[in-house]
Amino acid sequence: MKNCFISLDTAIMVLILLAGFTGCDNTSSDTNTTYANRISDAAPSDTVSALWTFKTDEASLEALLKEQHAAILRGELPQYSTPEELARQYGVADSDREIMVSYLKKQGISGSIDITGSFADTTMTVQQVEQLLGTTVGRYVLRGCSLTEAFLMADKEPVIPAELRETVPSIVGLQSIPIRCMEKRLAVHEDNESIRMTTDQSTTPCAFCEHSGTAQGGCEITKSGFFAPNQLNTAYGVDMLHALGLKGEGTRAAIISEPTYPENFQAFLKCFPDLFDQPINVVYHTTHRSGLARQITEGIVDLEAMVWAAPHVDQIDYYIGGYNAASSAQAMSQMLAQKPLPDVLSVSWGFSQQQIANTNVNLPPIDPAAWKTYQGLIFRAAASGITPFFAAGDNGSTFVSAPASSPYVTAVGGTNLLLDETNQIVSQGVWNSYLVSGGNTGGGGGATNVPGSPMPEYQFNTPGISGAVFADGKYRLAPDISAYASETPGIAIFAGAQPVGQQWQLGNGTSFATPYAAGASLLLAQAVKQLAGWKHLGHLNPFLYSAARENYTQYFYDVTEVSNNLGPNNPNLPPNGPDCCVAGTYYDKASGLGSVKLDTFFTYLINFTN
């Protein structure tokens, strides 16, 4: 799933949520007025958030990341650094830090330098913005949207004060705008007894459209017609790790998402007393751009999917801030300041590659400074030993969502599933709603075209990456792995539009597959720390591709059916042509390496250093 959010003050939040949706951070005044209407001046006392970025050594940091990958490919465990160590080596220079701190103090601006030394995170009044940054601030509404609220936005790109121009390359976050209106991610059903998806399947029968396997659990989940936790846990070998005592003890996770209802999550846990036999601690964090004006079911998908696999995780830090690159940078900075750091990060939203590369005139470009800041913090998370999972998106072969296109994260695509009565996999194909019902969603996959993301070394010589696929060698290929994401029949999510209307609802998309895969990796993190003495699970991709080269069928379920081409719903944007992407033997650009066999892959990791 991809989201695009607007800039907001601390009191007002506008959340735009749409399956297959892209995000944006615009810096052009002309672009802003194309997509939103200015309704009034902002009040001088209103507050906005601004990130004052610094000159940082991203090239040397990326060289460190590549060396960490190379160590794994040599059969060694990499050395990871703390965020503070990374800040000293790659972050803002001490002299620039002093200049920035002095300026903020002199101007009476509230803020601090983030832990990575990448930016100064500030809250400013509208009066301060207009006096110091050469732009007025307006109150806007998004055009054509019935559910939007007013938001604050600078009327033009801010001008960096003269005394900071050698210190601050850019100011991020004062201009961000959505490009589409809100649409609920989950359907709301009136029938609590037997909930079925509403897509008309009568003209396109398929083996995996109906519920298969055997569901277990309380709260009448067996009547819902959706997949339940026990089914996917058996299918992917998660339950076998549970039987070994690997349920996530001693691990922590982080999620960056939208506001959600904690009441729904707690109600969900009570439906599975055998699985959730001890409390799960979730700590909710906010950013300057956070607010609880509107709460969305997307977040409950993230939480529930993660604990399906890791019911004994010590703590989940839930960062409410996935509105755009600027707010996600704030959330990522908060996460890196936590002690101890999380083992795993899960993020189910992103941007269109074409917006970042500015190669599609129909989509507004992402502010390069906002993207650079966010991407830099993802680099720092990976270099710190955190295992990042990002959704490859729900846009089929149209494009791979960014940051899933980064070589330093694990990109998760989507599949469907047909299970036998014991919940073993009979077959699985690529998730593609167009082939079932003429829909416009499917697992994101293909060659990426984000500048500076060539094919990483760990993908070389992997089974399936040869011939026509390897011809894309200048591109990073995604996804890396895939998990269940189909809406036919979908997975069971306990959520409601209000805290009082809780019920089983349809959940699907890479927004489910990603946190589920992240939850499963918590079991791997527990295993390598407790059984092999590792400090971090860290970069997962070099391990995944090395295991595929060693013995693909031992460690992966191959996905060989269907494609992620959405037919007439696919605009076939470059670099993926009209024939992309068909599932095939071994690695393919529709499903990546396929689905991981957790019960065998964990032994690969345990034996890696033996």
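The values are calculated or read from the model by the stated rules, or taken from the named source; none is laboratory data. As the structure is a computational prediction, the values presented were derived from the model and not from experiment. Note that we place each Cβ from the backbone using ideal geometry, even for glycine, and neighbour counts take in every protein chain shown. These area figures cover heavy atoms from the full protein model, side chains too; ligands, DNA and RNA do not enter into them. Shrake-Rupley method; radii C 1.70, N 1.55, O 1.52, S 1.80 Å.
Packing, taken as the mean count of other beta carbons within 10 Å per residue, orders the peptides 411-424, 477-490 from highest to lowest as 477-490, 411-424. Ranking 426, 141, 159, 307 by solvent-accessible area of protein heavy atoms (1.4 Å probe, all protein chains present), from largest to smallest, gives 426, 159, 141, 307. With r as the distance between the Cβ atoms of residue 274 and residue 106 and R0 = 60 Å, compute the FRET efficiency 1/(1 + (r/R0)^6) and round to 0.05. Calculated value: 0.50. If you take the beta carbon distance between residue 162 and residue 535 as r and set R0 to 60 Å, what does 1/(1 + (r/R0)^6) give as a FRET efficiency, to the nearest 0.05? In this case the efficiency is close to 0.85. For the set 252, 74, solvent exposure ranked by accessible area (probe 1.4 Å, protein chains only) runs largest to smallest as 74, 252. In order along the range 265-278, the Karplus-derived 3J(HN,Hα) couplings, from 6.51 cos²θ - 1.76 cosθ + 1.60 at θ = phi - 60°, round to 5, 5, 5, 4, 4, 5, 7, 9, x, 6, 7, 9, 9, 8 Hz, and Gly and Pro are given as x. Once backbone amide H atoms are built at 1.01 Å from N, residue 110 has 123 as its partners under 5 Å, excluding neighbours fewer than 5 places away on the same chain. With each label modelled as a point 7 angstrom along the Cα→C-beta vector, the residue 243-residue 550 pair spans 2.2 nm. Fully extending the segment from residue 37 to residue 214, taken as 0.36 nm per residue of separation minus the present Cα-Cα distance, adds 58.6 nm.
Ordering 429-435, 510-516, 313-319 by mean Cβ neighbour count within 10 Å, with the highest value first, yields 510-516, 429-435, 313-319.
Taking amide H positions as modeled 1.01 Å from N, with prolines and chain starts lacking one, the residues under 5 Å from residue 427 and 5 or more places away or on another chain are 418. In this structure, residue 94 and residue 315 have a Cβ-Cβ separation that, at R0 = 41 Å, corresponds to a calculated FRET efficiency of about 0.75. Residues within the reach of a label modelled at residue 610 (point 7 angstrom out along Cα to beta-carbon, backbone nitrogen below 15 Å), restricted to the range 531-562, are 531-534.
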